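Below is one structure, written out as structure tokens; comments come after it.
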Amino acid sequence: MTVPLGSGPAPSLPLDPAAMARWGIAYDAEGGVLRLAPQVDREERVSRCAPFRAGRTVVVLEFRRRPSSLVLRVEITFGPPLRVEASLPDLPSDTPMIIDEVPVAGPRVAFEARATHEVAWLSG
């Protein structure tokens, strides 16, 4: 079962539909995959999402705008590891990316979240 954007929260995702759309949250319960595609607000330097459950895992998200990058912080505060797929829909597909200081090919990154991870989309 995949929870598409804007369809409202699944039982394990107690977030309001506006927060789910803002963060581009979709959780595939069968596959155990959390998909994130946050909307970037050009005026906001830091944005945080309230803790939420994806299956048995509690997740906290933070998005920061830095001079040379856009950074998504994914933190697992409780529960088992979780596969995460993240992308920024409005960026070109050749935008350089790093995850936990390791360069990766874009435009989407997939990783197993166990603790705290940072995904950065680099500019300039």
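Identification of strands (runs of 3 or more DSSP E) wholly contained in region 76-115 with 1 or more residues that are touching a residue at least 12 places away in the same chain (Cβ under 8 Å) yields 82-87, 97-99, 108-113. Taking the criterion of being charged (D, E, K, R) and either closer than 16 Å to Tyr27 by Cβ or buried (at least 16 other Cβ atoms within 10 Å of the Cβ) (or both), the residues of region 76-107 that qualify are Arg83, Glu85.
For the condition modelled with pLDDT under 95 and surrounded by 15 or more Cβ atoms within 10 Å (Cβ to Cβ), Arg65 qualifies. Scanning region 26-56 for residues being in a strand (DSSP E or B), surrounded by 16 or more Cβ atoms within 10 Å (Cβ to Cβ) and small (Gly, Ala, Ser) gives a total of 3.
If only residues of region 108-124 that are open to solvent by 30 Å² or more (accessible area, probe 1.4 Å) and within 14 Å of Pro38 (Cβ to Cβ) are counted, the one that is modelled with the highest pLDDT is Glu118. Once region 15-25 is narrowed to residues that are touching a Pro at 6+ places or on another chain (Cβ under 6 Å) and assigned to a loop (DSSP other than H, G, I, E, B), the residue that is modelled with the highest pLDDT is Gly24. For Val59, the stated conditions do not hold, so it cannot be described as touching a residue at least 40 places away in the same chain (Cβ under 8 Å) and assigned to a loop (DSSP other than H, G, I, E, B).
The values are calculated or read from the model by the stated rules, or taken from the named source; none is laboratory data. In this text the structure is predicted, and so the values were computed from the model without any measurement. Cβ sites come from the backbone with ideal geometry, for glycine too, and all protein chains shown count toward neighbours. The area values use the complete protein model at the heavy-atom level, side chains included, leaving out ligands, DNA and RNA. Shrake-Rupley method; radii C 1.70, N 1.55, O 1.52, S 1.80 Å.
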